[in-house]
């Protein structure tokens, strides 16, 4: 029994001494200080504990990171800090080395460490790094913000003459070279604020004056007539021509009629005129805009530019053949084409004597002597108009009858581009297929019965009958002879059409699809 007690006592005392020893050792390690004369980079850590040294080194690093760096771009300066560019020291064991200096190893090593301190301070250097991605981001975003964009030479037509505007050379920061200068300054840093001059180079425009001056030839032109249009519609065509006139498209640029002509508002110069809506004619601001886009479409065809988007009207119009129209409506019917030539083009638009003309000027590279083109319409099918839509008007006498909208024949048609070389057809290419709805004639009739005056021979009824007769439209289903013929209203070059009125019984003012946006 005594033996067991003695063993238990010995075990308890041994464990107590072990834990006490560990605690003393841990306490000694925490209170262990660095010898005098030891530096970590520029930080004097003499007499510091590990925790104190860590704080001192971090404060030193914060001071370095707060240093400024300025990049000059001409007369402008972009400011940043070393810390914002990721400047910091690489992970190391310098503090542990400082704590062990003169206190670890055998007696000879300890003696040598202490003698080194007597000869001068011991400096444990820090190694620094920075973030190249942050430097590139700074140069790309902030420094390059002071780039001066070059300006292409331009061209316009005024009073029948070309006016060429010279190009302007821009200024552009060389990102790679400027970033390298910043990296070099940070690598060889004297720990003062840094100033770097950005590398700025001339930035030449893509199209200089000598290139733009090649735009001097009509590539394609087209004219349509609006002599029968009401004043509001005529004003809209003139306004559309004004908005498009002198538009310059550089190679690869896409023209959008919607972007060029909208908004269809009075503030943008438009008036109220007739437009299509679900097969009937309504008044809408901008009515007539489709004749603008249609005329331009045919000039584009003559110039052989690339059409990106084109839609037909819902019903036929009168001033061009079938499949040669280009409607505009909201954002779902637009006319777009691209300048697929190697030089800029300018669109000249004009109105005179109730005719609208588009000319596309550019650099002619086609064989204009031996090669000719024309566009041919082919009618695939026709659909007769449905039965008349009758609206009764109780305020008018029974003798009253007025056609408020003529009937429309429905068509399905194709447009072909035909190329001739030396007078011989060498190709026939399908350009588009178009569908046009048939629409009924809309007629308003009177239903008011008029009591005749037996004592009077010249009655109001007779007058009403004459009035009704004057408002009748008898030709409601005439065929469009210009569109059923395979010959378009152009010459063999496909460049002009001055006969915009076709005898189809249709009101030529009904050519704008709505709703407009």
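Values in this text are rule-based calculations from the coordinates and carry no lab data. Worth saying up front: this structure is predicted, and the values here are computed from it rather than measured. Please note: Cβ atoms are built from the backbone with ideal geometry, for glycine as well, and neighbour counts cover all protein chains shown.
A few notes on this one:
- Relative contact order, percent, the stretch 284-397 [alpha-carbon distance under 8 Å, six or more residues apart]: 23 percent
- Anisotropy class of the stretch 348-392 from Cα gyration tensor, a/c 1.5 cut: oblate
- Gyration tensor (alpha-carbon) shape descriptor, the stretch 109-267, a/c threshold 1.5: prolate
- q = 0.17, 0.19, 0.20, 0.27 Å⁻¹: log10 I(q)/I(0) that the Debye formula gives for the stretch 149-199, counting C-alpha atoms only: -0.66, -0.73, -0.76, -0.98
- The modelled label-to-label distance for the pair residue 393/residue 72, using points 7 Å beyond Cα in the direction of Cβ, is 8.3 nm.
- Percent breakdown of C-alpha pair distances by 10 Å bin, ordered from the shortest bin, for the stretch 31-86: 22, 33, 21, 15, 8, 1
- Inter-probe distance in nm under a simple model that places probes 7 Å from Cα toward Cβ, at residue 213 and residue 148: 2.4 nm
- In this simple spin-label approximation, residue 169 and residue 277 carry label points 7 Å from Cα along the Cα→Cβ vector, and these lie 5.8 nm apart.
- Measuring r between the beta carbons of residue 206 and residue 424 and using R0 = 41 Å, the FRET efficiency lands at 0.55.
- Sorted by Cβ density within 10 Å, fewest first, the residues 313, 363, 167: 363, 167, 313
- Per-selection metrics, the stretch 182-332 (Cα): Rg and Dmax in Å: 24.4, 83
- As a rough guide to protection, the peptides 327-339, 144-156 ranked by mean Cβ packing within 10 Å, highest first, stand as 327-339, 144-156.
- Computed over the alpha-carbon atoms, the stretch 214-484 gives an Rg to Rh ratio of 1.09, Rh here being the Kirkwood radius from the mean inverse distance.
- In this structure, residue 449 and residue 259 have a Cβ-Cβ separation that, at R0 = 45 Å, corresponds to a calculated FRET efficiency of about 0.20.
- Across the stretch 46-89, the residues whose backbone nitrogen lies under 18 Å from the label position 7 Å along the beta-carbon direction of residue 187 are 85-89.
- Segment residue 36..residue 127, full-extension length gain: 30.5 nm, with 0.36 nm per residue of separation and the alpha-carbon distance subtracted.
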